[in-house]
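Since the structure comes first, as C-alpha cells, the remarks are kept for the end.
The values are calculated or read from the model by the stated rules, or taken from the named source; none is laboratory data. Bear in mind that the values here come from a model prediction, so they are computed numbers and not experimental data. Here the Cβ positions follow ideal geometry from the backbone for every residue, glycine too, while neighbour counts run over all protein chains shown. Areas reflect the complete protein model, heavy atoms only, side chains present, ligands, DNA and RNA absent. Shrake-Rupley method; radii C 1.70, N 1.55, O 1.52, S 1.80 Å.
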Amino acid sequence: QVQLVESGGGLVQAGDSLRLSCAASGRYAMGWFRQAPGKEREFVGAVSRTGGSTYYADSVKGRFTVSRDNAKNTVYLQMNSLKPEDTAVYYCAARPPWRSSDSRTTEEGYDYWGQGIQVTVSS
C-alpha cells in the first residue's frame, strides 16, 4: 500500500506563493489535483517517475511548478501568483506503472491518494 502525506497548505493573500509537499512511500509518477467547494476534483499538474517530464492544466500553467526529489521520495507543487480561485483542497496522487500515461490528467489514472490539504487564497 502506497502512503502519501501532503504538507504546506495554509491561508495566503492573492499574489503570494506557497509550496506543497507530498511524501510518498515509493517512487511513482505523481499528480496533483484540487477540489474547490461545490466543484468536481480537477487536474492541476503531474510529473513523471524520473522527474524529466511535467504536465499542467491550462489554468495554472506559468504559475505552478511540479517537481520532485527522488532521494527524498517527495513531490512538490510550487504555486506562485496565487489567485482566490486557486482556493481548494489539494491532493497528491500516485500513478502505478500499469496505468496508461494517457490517463495522467484524470482521476482514473491514479490508484493512491493523499488525505488532501487546504489552500485558501484571500483577495
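Observations on the structure shown:
- Filtered residues of the range 60-87 (kept if surrounded by 15 or more Cβ atoms within 10 Å (Cβ to Cβ) and in a helix (DSSP H, G or I)): Asp86
- Pairs where the first residue, in the range 40-63, is farther than 17 Å from Asp102 by Cα and the second is loosely packed, with under 15 Cβ neighbours inside 10 Å, C-beta under 6 Å, 6+ apart: Arg41/Gln35; Arg63/Asn80; Arg63/Ser81
- Which numbered condition Pro37 misses (of (1) at pLDDT 95 or above; (2) under 24 Å from Val12 (Cβ atoms); (3) touching a strand residue (DSSP E or B) at 6+ places or on another chain (Cβ under 9 Å); (4) open to solvent by 60 Å² or more (accessible area, probe 1.4 Å)): (1)
- Test for Glu6: is it open to solvent by 60 Å² or more (accessible area, probe 1.4 Å) and under 12 Å from the mean Cα position of the chain (by Cα): no
- Condition met for Gly52 (exposed (fewer than 13 other Cβ atoms within 10 Å of the Cβ) and out of contact with any helix residue (DSSP H, G or I) (no Cβ under 9 Å at 6 or more places or on another chain)): yes
- Among the residues listed as Ala24, Ala57, Ala46, the single one being surrounded by fewer than 17 Cβ atoms within 10 Å (Cβ to Cβ) and closer than 15 Å to Tyr91 by Cα: Ala57
- Flag for Tyr90 being under 13 Å from Val121 (Cβ atoms), among the aromatic types (Phe, Trp, Tyr) and part of a strand (DSSP E or B): yes
- One residue alone among Thr87, Thr74, Thr65, Thr120 is polar (S, T, N, Q), under 17 Å from Glu6 (Cβ atoms) and under 10 Å from the mean Cα position of the chain (by Cα), and that residue is Thr65.
- Total residues in the range 89-123, condition crowded, with 16+ Cβ neighbours inside 10 Å and within 16 Å of Cys22 (Cα to Cα): 14
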